[in-house]
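Just so it is clear, none of the values below were taken in a lab; they were calculated from the coordinates. Because the structure is a prediction, the values reported are computed rather than measured. All Cβ positions, glycine included, derive from the backbone under ideal geometry; neighbour counts span all protein chains shown.
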Amino acid sequence: MAGLAESGGSSSAFAPARLWLMLPSWVLIGFFLLLPVLMMLIYSFLTKEFRGGVIWEFSLASYDKFFFDRGLFGDEPPRIEWTYLGIFWRSAWQAGLATLLCLLVGFPTAWFIATRPARSRAIWLFLVTVPYWVNLLIRTVSMKFMIRDNGPVNEWLMALGVLDAPITMINTNFAVQLGLFYSYLPFMVLPIYAAVERYNFALSEAAADLYASRWQTLRLVVLPVVKPGIVAGSILVFVPSLGAFLAPDLLGGAKNWMIGSLIEDQFKGAAGNWPFGAAVAMVLLSIVLIVLFLYARSQNRVSG
């Protein structure tokens, strides 16, 4: 009891020190995260200057432009602006498909690595992560070189007799999806690997002793236990895929824009529409935060 009292007293005594130790983290978060988001929010309510830049006059014109079409001169009755909403929808299903593909490939990969002997797991993890030591831009340009019409992929397929003529893969939705999948696959593998590594394989043996099939064991025993890793990996893949712009720009072309490409284009050069780009970014951020909030709330209900 005396030891517990001393421990509690010591913990209370160092409480002010903990606050000071966390101060650098809060300063970094505030300066590099909260402040830029606040600046983006303010810019989204400003007015675009005709020759570029902004005018410090607050309005909802940028949000109105995203959701409504009022004609060339802005004097027609408002109609829903399907162009930007269509880009948003394309971004959502591309990100969702990339997340699904990463899960289908990442789960077996993580399971394989986690079930290897302990001394060889580091080698397998190294092989998964080593391509990502190279800058994302370089890897995306390399992907573009690989899948172009006269690139190595088409040449290999024709040499094997699979194709008679090159097929167009660049500037398609397939190329964008390939770029997203390649860019974010480790973000799915590593969280699932961490969850599977902690899994008690005696549970699978017990399920087999109770005559459960492999599918039943996977669905009723394994997946519920490793679910936190799957959810974490899905979030880590879906969120950056939703706002990606390198893969759509370099692999998809102008006809396969995603929301990240739209935002990036608004901030190019002096004539870019900064308020509109900021408004689109805030819409994207709001939707992501709402989805994460709803998920966290559902998890709290399940825990409760």
Exercise. List every residue whose amide H lies under 5 Å from the amide H of Val54, counting only residues 5 or more places away in sequence or on a different chain, with H placed 1.01 Å from N in the peptide plane.
Key: Glu49
Quiz prompt | Mean separation of Cα contacts under 8 Å (6+ apart) over length of region 42-167, as relative contact order % | solution = 9
Quiz prompt | region 171-271, relative contact order in percent, only Cα pairs under 8 angstrom and at least six apart counted | solution = 40
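Under the 0.36 nm per residue contour assumption, what length would be gained going from the current alpha-carbon distance of Tyr132 and Leu38 to full extension?
Details: separation 94, 0.36 × 94 = 33.84 nm, distance 3.13 nm.
Stretched fully, the Tyr132-Leu38 segment lengthens by 30.7 nm.
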Quiz item: Got the relative contact order for the chain handy, in percent, Cα pairs under 8 Å and 6 or more residues apart?
Solution: 25
Self-check item: Amide H within-cut-off set for Asp69, under 5 Å, with H built and near neighbours excluded
Solution: Arg79, Ile80, Glu81
Quiz item: Peptides 35-46, 238-249: what's the order by average Cβ count within 10 Å, highest mean first?
Solution: 238-249, 35-46
Quiz item: What is the spread of the Cα atoms of region 87-220 along each of their three principal axes, largest first, in whole Å?
Solution: 54, 38, 32
